[in-house]
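The values are calculated or read from the model by the stated rules, or taken from the named source; none is laboratory data. Everything numeric here is computed off the predicted structure, so don't read it as measured data. As a convention, Cβ positions derive from the backbone with ideal geometry for all residues, glycine included, and neighbour counts pool all protein chains shown.
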Amino acid sequence: MKKYFSIFLLLCLTAAPAFTQRKAPARFDPDGTFWIKGTPPADFSDFDSINLNAKRARYLESPGLRMRTTVYRYKTLVVKRDNFTFTTMTVRGVFYTFSGKFLRGGVYGAGDFDDETPVLEGTLTRFRDGKKVAEANLKFTYFGGT
């Protein structure tokens, strides 16, 4: 019996480091504002920003897609590092979809971002009366608020 206990104890001790070395996944929080890098394409010349604000922080814009004169609230929204998608509510027959991914992980508000380095890329599509009227593959830069 002592022999089996010794073997069991030895196995437990050698396996323990494997269990204790597991790390929790790094926190991912991209809350903030995203602008098109460079000049927006002609079909999206009225684009202002994509705003994420999951914590409803007062220093960040309200969540939604902001065009020059209209804010389109999210109808559906998935925010994951490798899967960022949304569909907006319809306003006067127009709605938008986006499908893309974040190019960096981490907590964006704690990062040091510049206005030249893309942190998000994907396809923005505009629909009018249910028909696709514009689509563009875009890259976005980040601003975390003041």
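Some values worked out for this structure:
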| item | result |
| --- | --- |
| Lone qualifier among T123, T117, T141 - being out of contact with any helix residue (DSSP H, G or I) (no Cβ under 6 Å at 6 or more places or on another chain), closer than 27 Å to A26 by Cβ, of a type in the set (S, T, N, Q) and touching a residue at least 60 places away in the same chain (Cβ under 8 Å) | T141 |
| Residues of segment 97-116 that turn out to be at pLDDT below 95 and outside any helix (DSSP H, G or I), as a count | 10 |
| Subset of segment 99-135 [surrounded by fewer than 11 Cβ atoms within 10 Å (Cβ to Cβ) and in contact with a strand residue (DSSP E or B) (Cβ under 8 Å, 6 or more places away or on another chain)] | D114, D115, E116, K132 |
| Hits in segment 17-51 (condition: closer than 20 Å to T117 by Cβ, loosely packed, with under 10 Cβ neighbours inside 10 Å and modelled with pLDDT of 90 or more) | T39 |
| Filter result (closer than 14 Å to I36 by Cα and among the basic types (K, R)) within segment 107-146 | K139 |
| Inter-residue pairs, beta-carbon under 7 Å, first farther than 23 Å from S45 by Cα and in a loop (DSSP other than H, G, I, E, B) and in segment 55-67, second of a type in the set (A, V, I, L, M) and modelled with pLDDT under 70, 6+ apart | none |
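Here's the yes/no breakdown for (1) in contact with an Asp or Glu (Cβ under 9 Å, 6 or more places away or on another chain); (2) assigned to a loop (DSSP other than H, G, I, E, B):
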site: T85; (1), (2): no, no
site: F95; (1), (2): no, no
site: P118; (1), (2): no, yes
site: V133; (1), (2): yes, no
site: A136; (1), (2): yes, no
